[in-house]
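Input: a single structure, listed below in structure tokens.
Bear in mind that the values in this text are calculations on the coordinates, not laboratory data. Since the model is a prediction, treat every value here as computed from it, not as a measurement. Every residue, glycine among them, receives a Cβ derived from its backbone with ideal geometry; neighbour counts consider all protein chains shown.
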There are 2 protein chains.
Amino acid sequence: MTLNYANRISNIKASEIRELLKLTQRPDVISFAGGLPAPELFPIEELKKISKKVLEENGTAALQYGPTEGYEPLREKITERMAKVHVNVTSDDVLITSGSQQGLDFSAKVFINPGDIIICESPTYLGAINAFKAYEPNFIEVETDDEGMIMKDLEEVLRNNDNVKFIYVIPDFQNPSGKTWSIERRKKLVELANKYNIAIVEDNPYGELRFEGEIYPAIKHYDTEGRVIFLGTFSKIFCPGLRLGWVVADKEVLNKYILVKQGADLQSSTISQMEVAKFLEEYDIEKHIEKIKVVYKKRRDIMMKTIEKEFPKEVKYTYPEGGLFTWVVLPAHINGRELAVKILEKNVAFVPGGSFFPNGGNENTFRMNYSNMDEERIGEGIKRLGIAIKEMM
Amino acid sequence: MTLNYANRISNIKASEIRELLKLTQRPDVISFAGGLPAPELFPIEELKKISKKVLEENGTAALQYGPTEGYEPLREKITERMAKVHVNVTSDDVLITSGSQQGLDFSAKVFINPGDIIICESPTYLGAINAFKAYEPNFIEVETDDEGMIMKDLEEVLRNNDNVKFIYVIPDFQNPSGKTWSIERRKKLVELANKYNIAIVEDNPYGELRFEGEIYPAIKHYDTEGRVIFLGTFSKIFCPGLRLGWVVADKEVLNKYILVKQGADLQSSTISQMEVAKFLEEYDIEKHIEKIKVVYKKRRDIMMKTIEKEFPKEVKYTYPEGGLFTWVVLPAHINGRELAVKILEKNVAFVPGGSFFPNGGNENTFRMNYSNMDEERIGEGIKRLGIAIKEMM
């Protein structure tokens, strides 16, 4: 028996990362593959106290249905996070989602008819590509340099296509490239979006994890007309297991997201929302983020130093100023997927770069995560990788 | 500025229930409106112990990303719930979702192209209508009698329409009608679905809440070809605040749901899944369900007895053998929405029935919930309603 599925189903395939993650759960594998935070930094003791308190003080409400928009005190607290990236909003501008992945799915659901165009960075986040593909868009990738998307290229795309629905960008420590947009490019992006009346979906999971210098204002900060939809998450600054993120947008736009949320899952977990709100009330999340940054910075440093020493000089890579990832470009004749297979035999894993390009190609690339392994394993893994790459040169 | 949204957005509107719920949160309102479980029955003390234990024994895993399919021990435990409705499956056949509402959304996402037909009971669950509408289907409603959908009518629809994608049914204590399908109809439904090669989406949130007699086998029990997709939830037998439900389906079909889940939100909350699994391991959920049934039965009894006494004899209603709802059909000239406005002034709330008909009409109906109010308030609310109806006769 074969049932008759929707057309969209033939578009979506399993995420290479999540499939790979299953293989790399063996403890002897040095994995640079996932985007997993360091679990030893999770505030377990604090959460034990918090969850007891929430159930004691507010147990029946915590286990009951709640509003689609989210738990009001948590929405309030999120306005403080937004202030950190220089965005001034009230709790009315915030919708709680089940991770920022849900914000990606909703963005396509709100804007995309089959055949509409999504503009994205080249490369871009694989999970976003998969979420978007279910709505049957066409992707146009725009090249980036060290300051973000190349604006001349972007404008050409906007000028020549009248069914662009939104521009999807990850301006801080991009996944997968590790790159960060300059202030100038952020301003220019909003200017062009205004000119062509296009929405911007700003995915910002890592902005607060800057290891050096000041946090950049979000693109939403430069939004003059309410066309930037900001997606945030607690996954990287707190923990991913609770599945809580948020959308900040102009009221008219946010209302569409709220309607979509209602149909999709009614609301996110009441109790998890209360727990995170309580945590933010009773503990110093800034101190917690500092702790994360110190650890990730050390790991980034050891990864970058070892790459510099062990990789052949023909290999190019990003020096990320924050976030979780670096990005490697091999000489054109070396295939990232072949390297991945070869190096998994030496118990090292990464994600081949091809999947981060919605229109394919660029197989000589890969993404590496440094947040989830300790320094010794990072050094050892990079050494093994260096040897394998040299063998393929 | 107005952005250019997807066509589907004009299809979806705010759920009348959730909007109404906001109005009925005043403590002086006797609300029969929501489908809220009785919060005084939530296992708060048990959850306090459980959540501490999960964080102590398994804290880092609980707060980390987990597999899209769900936490394996919880999937195992769900096979036991399925056995209760006479369905034999292994954990491989189970996908954990964020409430069964997410299962509804995914069902349309997996099967529906714009213009495809969904067959449903008339009336049917409002939240399902809203979830489905985002995928731009056409609905064909099939009349029901006291044994379920009328099979002659169903077959006529199937014979005359070649783009039916699935039949959506709530066979036990239906929301909103309170009716239950007979065994014969369940068998016949599968027979017809086989004949016309159509999927069945069986939404079964209340099946275990039967107040008298034996639990009926789910429609999935009679599935001979793997075409029944079963949606379950912990919302009514445990608590809704954790947002956990499940899909049980044939492997080929379930794989589509898993792909869709990956794009939609990666996975449901790791820690909530671990908590529910632990609860099911350490406590007797059967005893807990018994406790719920005793309370709801009493409330149903008082509601039905007071209706019989206070409503004019021209008013028809369902006597539900379980679940959370009864359904009232007024004489044709009385409008349920008008009655709702009138009775809200007397601090009583219900949901007008019109919204439960995807193609409109039937405004002389309404749905009442009896699980969320104590017996005294139920009696008082029904009395006030009786007076108001008599005034409109």
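Where along chain B is the Cβ that lies nearest the axis linking it to chain A, and how many Å separate them?
Nearest Cβ to that rotation axis, in whole Å: B:SER51, 2.
Under the 0.36 nm per residue contour assumption, what length would be gained going from the current alpha-carbon distance of A:GLU184 and A:ASP284 to full extension?
Full-extension gain reported as 32.7 nm.
By counting other Cβ atoms within 10 Å of each Cβ, how are A:THR318, B:THR79 ranked from fewest to most?
Least to most surrounded, the residues fall as B:THR79, A:THR318.
Using the alpha carbon gyration tensor of chain A, what are the three equivalent-ellipsoid semi-axes (square root of 5 times each eigenvalue), largest first, in whole Å?
32, 27, 21
With springs only between Cα atoms under 10 Å apart, run a GNM on chain B and tell me which of B:ASN138, B:ASN194, B:ASN58 wobbles the most.
Largest GNM mean-square fluctuation: B:ASN58.
Ordered shortest first, which distances in nm separate the 7 Å Cα→C-beta label point of B:MET393 from those of the other copies?
9.5
Please report B:ILE198, A:ILE30 as a ranked list, fewest other C-beta atoms within 10 angstrom at the top and most at the bottom.
B:ILE198, A:ILE30
Which value in nm describes the separation of the simple spin-label points at B:ARG384 and B:THR224, placed 7 Å from the Cα toward the beta carbon?
Distance between label points: 5.3 nm.
Give me, ordered by chain and number, the residues 5 or more places off B:VAL351 or on other chains with an amide H under 5 Å from its own placed amide H.
Residues meeting the criterion, in which the H sits 1.01 Å from N, are B:ARG367.
So, with +1 on the Cβ of K and R and -1 on the Cβ of D and E, and no other charges, what is the size of the charge dipole of the protein assembly as shown about its Cα centre, to the nearest 20 debye?
Computed charge dipole of the protein assembly as shown: roughly 220 debye.
Which percent, to the nearest 5, of DSSP beta bridges fully inside region B:100-253 are antiparallel?
Taking every DSSP beta bridge with both residues in region B:100-253, the antiparallel ones total about 25 percent.
Please find, in a Gaussian network model of chain A (springs between Cα atoms separated by less than 10 Å), the residue of A:ALA83, A:ALA108, A:ALA14 whose mean-square fluctuation is greatest.
A:ALA14
From the convex hull of the Cα coordinates of region A:227-327, what is the mean projected area in square nanometres?
Convex hull of Cα atoms, orientation-averaged projection: 9.5 nm².
Determine ³J(HN,Hα), in whole Hz, for all residues of region B:224-235 in sequence, where each value follows from phi through the Karplus function 6.51 cos²θ - 1.76 cosθ + 1.60 and θ = phi - 60°; x replaces Gly and Pro.
9, 10, x, 10, 9, 9, 9, 10, x, 7, 8, 4
Where does chain A land at 222 nm, in deg cm²/dmol rounded to the nearest 500, when only DSSP H runs of n ≥ 4 count, each adding -39500 (n - 2.57), divided by all residues?
-13500 deg cm²/dmol
Hey, got the average number of other protein chain Cβ atoms within 10 angstrom for residues in B:4-13?
6
Would you mind computing the Rg to Rh ratio of region B:64-282 from its alpha-carbon coordinates, Kirkwood style for Rh?
Expressed as Rg/Rh, it is 0.95.
I want the local charge near A:TYR168. Using Cβ-Cβ distances under 12 Å, sum +1 for each Lys or Arg and -1 for each Asp or Glu among the other residues.
Counting the neighbours of A:TYR168, the net charge comes to -3.
State the Cα centre-to-centre distance between region B:323-393 and region A:336-393 in whole Å.
Computed from Cα coordinates, the inter-centre distance equals 63 Å.
Give me a single rounded figure for A:98-110: the average over its residues of other chain Cβ atoms within 10 Å of their Cβ.
Counting other chains' Cβ atoms within 10 Å and averaging over A:98-110 gives 5.
Please identify every one of the GluC sites (Glu not before Pro) in region A:278-314 that sits in a loop by DSSP and has no more than 14 other beta carbons within 10 Å of its own beta carbon.
The qualifying sites are A:GLU314.
Which residue, A:GLY115, A:GLY354, A:GLY379, has the most motion in a Gaussian network model of chain A that connects Cα atoms within less than 10 Å?
The residue with the greatest mean-square fluctuation here is A:GLY115.
Can you run phi through the Karplus equation (6.51, -1.76, 1.60; θ = phi - 60°) for region B:206-221 and list ³J(HN,Hα) in whole Hz, with x for Gly and Pro?
For region B:206-221, the Karplus curve yields 10, x, 7, 9, 8, 7, 9, x, 8, 4, 7, x, 5, 4, 3, 4 Hz.
Just list whichever of B:LYS52/B:LYS84; A:LYS287/A:LYS316; A:LYS84/B:LYS77; A:LYS179/A:LYS287; A:LYS297/A:LYS342 have alpha carbons separated by over 31 Å in the model shown.
A:LYS287/A:LYS316; A:LYS84/B:LYS77
Taking neighbour counts of Cβ atoms within 10 Å as a proxy for exposure, in what order, fewest first, do B:PHE211, A:PHE366, B:PHE325, A:PHE357 appear?
Placing the least packed residue first, the sequence is B:PHE211, A:PHE357, B:PHE325, A:PHE366.
For region A:171-205 and region B:49-93, write down the distance between their C-alpha centroids in whole Å.
40 Å
Between A:ASP301 and A:ILE215, what FRET efficiency comes out of the Förster formula 1/(1 + (r/R0)^6) with R0 = 25 Å and r the beta carbon distance, rounded to 0.05?
0.80
Inside 10 Å of the C-beta atoms of A:249-255, what's the mean count of C-beta atoms belonging to other chains?
Counting Cβ atoms of other protein chains within 10 Å of each residue's Cβ and averaging gives 2.
Output the antiparallel fraction of DSSP beta bridges having both residues in the protein assembly as shown, as a percent to the nearest 5.
50 percent
How large is the translational diffusion coefficient of region A:345-393 in µm² per second when you combine the Kirkwood radius over alpha carbon pairs with Stokes-Einstein at 20 °C and 1.002 mPa s?
The estimated diffusion coefficient comes to 176 µm²/s.
Hey, for B:ARG337 with labels 7 Å out along Cα-Cβ, what do the inter-copy distances come to in nm, ordered shortest first?
Ordered by distance, the counterparts are at 5.5 nm.
Taking the DSSP beta bridges in chain B as the whole, what percent of them are antiparallel, to the nearest 5?
Around 50 percent antiparallel, to the nearest 5.
Treating the point 7 Å from Cα along Cα-beta-carbon as the label, what are the nm separations from B:GLU56 to the other copies, to one decimal?
Nearest first, the other copies' label points are 1.6 nm away.
Plugging the Kirkwood radius over Cα pairs into Stokes-Einstein for the protein assembly as shown, at a temperature of 20 °C and a viscosity of 1.002 mPa s, what D comes out in µm²/s?
Here the translational diffusion coefficient equals 79 µm²/s.
Mind checking the alpha-carbon convex hull of region A:1-87 and giving the volume per residue in Å³?
283 Å³
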